[in-house]
Structures are given as structure tokens and as C-alpha cells.
């Protein structure tokens, strides 16, 4: 089926809000090329379970598409020619698809279509063309529908190195050039101070899913206004997922791709979530474990990926990520030994993971609107080292003046 | 309030800008090069008759970025490549892979000289003739003269294509060390399935492994190893790539193939998202490459008549591409994930030469053809003039 053949009843399998959305913008969807529309439907089908920021972004994108005139001769009120679909989708329209792709049920299974499309693009050497089309589209959309500015400048915090008593190598090498390095930070009560600070921000600026606390281990006491995700709290979900995986792997014919598809289709209820919880957050957490690579095994990966996805999707004003030690990767000789011990932790390896993870958190925060006003703080937990980044902090500087985390926050975060 | 002063780190971005990719690779090689050139100067050894020549190819896998290897901040991870191997090599700074960036299909493309489009996750043979088939058919060599040692289940078809003019009976023999281990451990073990996982992109997936009798036969007859010896040695090793190198040593001693292809894979643990494990994989692979070079120099069947190639199958995603997640994957197809390097050293190779000219990963097979005197007629690449 091609997009121009789309009808309202094709969306009967969608959740209620998503169905309403798709039907409302049916005319826009009908005009899109097949190489593009399932990417949009992949987002739309989960509309009921999306964060407010991504709901608004999706609505605006669809409204923009609807407004694009199908008549190339039409003029805007300012007298300029209206933009036509073909201007926006020329690159996508030139992508050649296979008959197998056209025959897929891309309305009800857009994610599977996109996965197959990706394989097709690689195999037919069209990936670069698709990338260019996607980048051009994103640039146009960005210009036509500028992303929302945050109501308060964003603040990102990364707390790394839990459980490490001493570390002699230089930390924060990738972040130091972007802000100030502080080598005499008072560590006492640091975590509580930071959690209290973001709790206060959440209370002062109440925004649904606007202030997050992610913990790679067990969550510490925090303000109820914070959206909290922790590795420890999801332990039963991870265990249920692993049990399911083991069962599926033993199914004849199961391969990596089928397994990935199956993972992507899992619902919170299948993993013990969804009873009286927050359906949006439950779905988000399941996706962290079913779509993230390594999030099920390593807490450091979980924390970094959760931060990435929270920033990309919920676009929070505040995000504190505390990395915790992950389990140690056993070398082969230990795996082959007869005696298997309980999983050990690897604090030093985890510190290295988290050091880069903090850098990735900052990069992902800077991809959002308002980057020029955003602030970021990374602290080596219970130690004296930190880097602070913000619009008022000179870049590539160092300080040996004694200070504390409260002062650092006051210097970089204006609200 | 605060007292701030300019730190050394502040100079890094500007300094980095001064180092283009080509420049830092050239400088890395050049720094290591100085003393090595004093003694030898030009060719390592005179090119020898291709009939007696041997070639070993190592894929530095699976996928490593410049910033963790040859870029200034990554050079500490590859002391052996920088200090021991580059001074003896001709180094190619820009090897571009324009194909699919999955490890099996990319390795198959390297081995055929054509950008293969087979399913990366299916146990399918390459569609175009492999270097092993060209070599054996044109040179009329027995099966024992071309071997592949590869990391995972999907690679068991890499030695022989489905091409009707080549294929059946003309390919390389393939050893999958983890298969050997499975066969050796057939009495069962509570946790070894974890070790045998097939690829790091799907960490839960462990393939059904079969053919235990064949593997045990390989071990005892070809590698001249008892099951007990193999198991005992495996228990002293820390990774699957170390096991591969152990198997390669045995193979070189027992069979001494003229064309030997080793695919490393430990680095691909990066897919699990733990940066420290990715770095550990790079450091281990660096050490193992140097170990294999020493084996080549010390084994009588190889010393003085072997050319060694080391190249990654591709890179990994850049930190700057929002479509990826940095080092973790190689899914965006961006320039960093497509552009990598290659070093050649040993017989017939000039030492201390850096080649900036871009080449494609499909150029490897035609180059091997020129070295080993076979005609890879269906390969898309071109022989590399500096080596052919």
C-alpha cells in the first residue's frame, strides 16, 4: 500500500489518542512518500505514551505538514510562493524501495518497516542519500517550527565514581575545555546538596516530566516532584526480561533480528509493570531495556542511555544522573572455571565509563534548544574534583580555590 | 569568589584543529619512525617470488575510532602498533569502506573485494568469489593452504562464496575457536554460554552450535592438540581473541598456510556501552597484533617470506552524530565510521612510508592478487601501487 491510499480506518489498531491524531492529519500523511511516512507513524503510534514535549513537537510537525500546500502555485499571505510537499520531500521521493517494503503493513508496524528500510538502504547503497534527505528535512522543519525554548535554562548534573576510593588519572578531560575545573571542592554532603537543589528547582518550576533524577544504582532520598528512574528499582523488570529472552532464544528459528523485533514489541505488563503506575514512564522504562544495547547488563550503560533518551524525548529542564558501579565483565578464564562466584563490581572501570558518559550527557543536553544558556556540572562523588560549565563560566579554566558544590551551582545555574 | 586561571586543557581544541586526521596519523607514524629508518632506509627485504610468499591478514575488529587509537588522545591505547609495527610498515591513512557496516558483511566485502549485501546476521556465504577461492583456483593450491580463524558463528561461511564459477571445494578452511571450545566443553558448563555469544550487537543471542565431531577432529588432527590440552590452555586466556591467536599459532606450526586470515572481535564489546571495556579490547588487540608479528618472525615457515596486513573492518560512530551514541555502535554510516586505516609490513613492503591517498577497503583483494599471483577478476577494487 502507498500513503496516498491511506484511509481513516487503517488506524483502527492505534491507541485512542494516536488514532485521533493520525486521522486529524490524514491529508498530510497521504501526501508523504513511503520512504518517510512510517518514520513519522513510528512516533505517532506511541502518541498516547509520549512525554508532553514530544507530543507537542509531533503535533507541530504534523500541523506544518498539513499546512504545506499541495498546490505549487499557491501563495502565502506575504505573497511568497507556498512551499510544496515536493520541495520538502524531493530527497525522500528519490529513494527506491523494494516491492517487499511496499507490501509490508507499515501502518500498524511502522517500527518493523523502518528496521527493514534501514537494511534496504544499506544494501542498496542509498544510506547516504537517505541521510541527506533526513538532514535536509530536519533543517527545514527546524526553521519552520523552531524547537521550544525551555521555561528555565537547563541544568545537567553528572555524579560519577561511586565506590572509588582513589584515582590518579586525570578526569573530565573531554569536558574541561568547555568550562572550569575545580580541584578543591568540599565533598561532604555533596549528593544531598545536589538532590536538594534539583528538588527545589522542580518545586519552583513545576513542569510535568521537567525535572529528572536517574540513578545507576539505588536511588537516594529525593523530592517527590522529580521524575526518578533507577537501575535498582528496575531489577525485577530486568530479571523478567532476561527470563523471557532465554525462553525465546530456545525457540527454533529465533535469530538476532527476530529477537530484536520481539523486544521492541514488549509491553510494560509483560514485564510486571503497568499496574497503577505511570503509563508514560512505564513505557519509557521498558523501552530503555528493550531497545537499549547493554542497558540490561551494565548499570553505567543504563544510566547513560537513560539520560540520552530522557533528554531526547522529555527534554527536561533539570537532569541529575548518578552513575553507580556496574558488574565486572568476567574474563574468559573465569567463565571457564568450574566455580562461579556472585557478580562482582568494577568501580574503576565504571568510573571510566561514567567519565565518558558524563560527556555524552553534556553533548545531548547541548543538542536541545537553549544550549547557549544551559549549565552542566560533573562531580567525582565524595572527592574534590568537579567541572562546571555555563554561560558565565570561562572555558578551559582551572581553580584551586576551596569551594563547595552549592557555590558551583550558583555560579553556573541562574535559576 | 572564584579564582580561575587558564588551564593547559584549554589549548586542546585549537591544537586538535591543527591536526587533521591525516596529520595526526602521519605524525604518530613519523614519531615512531625516526630510529627505525636509520638502519634500514628503504625496503624491508627484497620482494620475493610470489610462489613462496605468504600473506597474513588481521582485521583489527570489530571497529575502533581514531580518537581511541591513532589520534593524540588515543595513542596510549596502541603502544605496540605505534612503537613496534608502524616503524616497519607502509601505513595507509585513509581506507574508506563504502559498504554495509556490519562485521560479517564488511569482512566478507574485504575478503571478496566487492561490497557484499548479504544479511549480516545470517549464516550465508559471500555472493562473490573470495580471495581464498581466487588464490586456490589460480595457484592450484590445496585446501590446507588457505585458512580463516574467525570469532563467531556467522563467520563459518566466510571461506567460500556461493558464486557458481568458484565456490564449492575451492574456499578456505575455517576455524571458529569458540566452536572448538564448545566441542571441548560438551560435557556442559553452567556459564560458558555467555562466553559463546555470537555477536556483541545482540548480547542475549547465543547461536545453536553444531558439528562437534568436526571441531574435535580439527583440534586433534590439524592443530595437534588434545581436548584436555586445549581446555587447559583456554582456561589461562582472558578473551575469545586470545583464544583465536592461540589457535593461529598452532595452525601456523602445523599447517603453515600461505594465506591466513584472522578476524579479531573483542573490541566490539563496545556495543554493550561500557567505554572501559571497549578501551580494554583495543589494548588487547594491539598487544595480540604485535604477538602475531613476533610469531611470524620466529616461525621458520613464515620468517622472511611473509607480508602482514592489519586493518579494521570499519570505524565506529562519531560523538557528534545525534543519530548514534558515540563509540557504542556503527550504525550512522557517518564519515568516521566509514574511514579507517591499514598497515602492511614484512616482505616486499617499504618501511616507514605513510600513504595519504584515499583507498577503498575493496582494494585489498586485488593487492593480494598482485602479491600472490592470482587474478581476482570479479573484485571491484584496484591493486594498491605502493604494494602491488
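Just so it is clear, none of the values below were taken in a lab; they were calculated from the coordinates. Model, not experiment: these values are computed from the prediction. Counting neighbours? That spans all protein chains shown, and the Cβs are built from the backbone with ideal geometry, glycine included.
Structure summary
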{"read-out": "Length added when fully stretched, residue A:373-residue A:410, from 0.36 nm per residue minus Cα-Cα", "value": "11.9 nm"}
{"read-out": "Nearest-0.05 FRET efficiency for residue B:119 and residue B:144, computed from C-beta distance (R0 22 Å)", "value": "0.15"}
{"read-out": "Spin-label pair residue B:162/residue B:335, simplified geometry with 7 Å Cα→Cβ offset, distance in nm", "value": "3.6"}
{"read-out": "Ellipticity estimate at 222 nm from DSSP helix runs (n ≥ 4, -39,500 (n - 2.57)) divided over the protein assembly as shown, nearest 500", "value": "-11500 deg cm²/dmol"}
{"read-out": "Estimated translational D of the stretch A:151-266 in µm²/s (Stokes, Kirkwood radius over Cα pairs; 37 °C; 0.692 mPa s)", "value": "181"}
{"read-out": "Proxy reagent accessibility, fewest Cβ within 10 Å first, across A:1, B:252", "value": "A:1, B:252"}
{"read-out": "Compactness relative to 2.2 N^0.38 Å, alpha carbon Rg of chain A", "value": "1.09"}
{"read-out": "Neighbouring partner chain Cβ atoms per residue of B:118-125, average, 10 Å criterion", "value": "3"}
{"read-out": "Spin-label pair residue A:24/residue A:251, simplified geometry with 7 Å Cα→Cβ offset, distance in nm", "value": "3.6"}
{"read-out": "Per residue Cα convex hull volume in Å³ - calculated over the stretch B:54-358", "value": "132"}
{"read-out": "FRET efficiency, residue A:2 to residue B:50 (Cβ-Cβ, R0 60 Å, nearest 0.05)", "value": "0.60"}
{"read-out": "Full-stretch length increase - residue A:167, residue A:392 - with 0.36 nm per residue and alpha-carbon distance subtracted", "value": "78.1 nm"}
{"read-out": "Neighbour-count ranking [beta-carbon atoms within 10 angstrom, fewest first] of B:268, B:320, B:334", "value": "B:320, B:334, B:268"}
{"read-out": "Order of B:276, B:318, A:410 under a 10 Å beta carbon neighbour criterion, fewest first", "value": "A:410, B:318, B:276"}
{"read-out": "Separation of alpha-carbon centers, the stretch A:151-210 and the stretch A:213-276, rounded to whole Å", "value": "27"}
{"read-out": "For the protein assembly as shown, share of DSSP beta bridges that run antiparallel, in % to the nearest 5", "value": "30"}
{"read-out": "Acute angle (nearest 10 degrees) that the helix A:279-291 long axis makes with the longest principal axis of chain A, alpha-carbon atoms", "value": "80"}
{"read-out": "Cα-based shape type of the stretch A:3-144, given that a ≥ b ≥ c are square roots of the gyration tensor eigenvalues and the cut on a/c is 1.5", "value": "oblate"}
{"read-out": "DSSP bridge orientation in chain A - percent antiparallel, rounded to nearest 5", "value": "25"}
{"read-out": "Angle between chain A longest axis and helix A:235-249 axis [Cα atoms, degrees, rounded to 10]", "value": "50"}
{"read-out": "The stretch B:224-241-the stretch B:59-121 distance, computed between alpha-carbon centres (Å)", "value": "27"}
{"read-out": "Stretch gain in nm, segment residue A:108-residue A:265, where the contour uses 0.36 nm per residue and the Cα spacing is subtracted", "value": "55.3 nm"}
{"read-out": "Calculated FRET value between residue B:253 and residue A:203, using beta carbons and R₀ = 60 Å, to 0.05", "value": "0.25"}
{"read-out": "Cα coordinate range in the protein assembly as shown, projected on the principal axes (Å, largest first)", "value": "77, 68, 58"}
{"read-out": "Angle between chain A longest axis and helix A:110-123 axis [Cα atoms, degrees, rounded to 10]", "value": "90"}
{"read-out": "Other protein chain Cβ atoms within 10 Å, averaged over every residue that makes up A:299-305", "value": "4"}
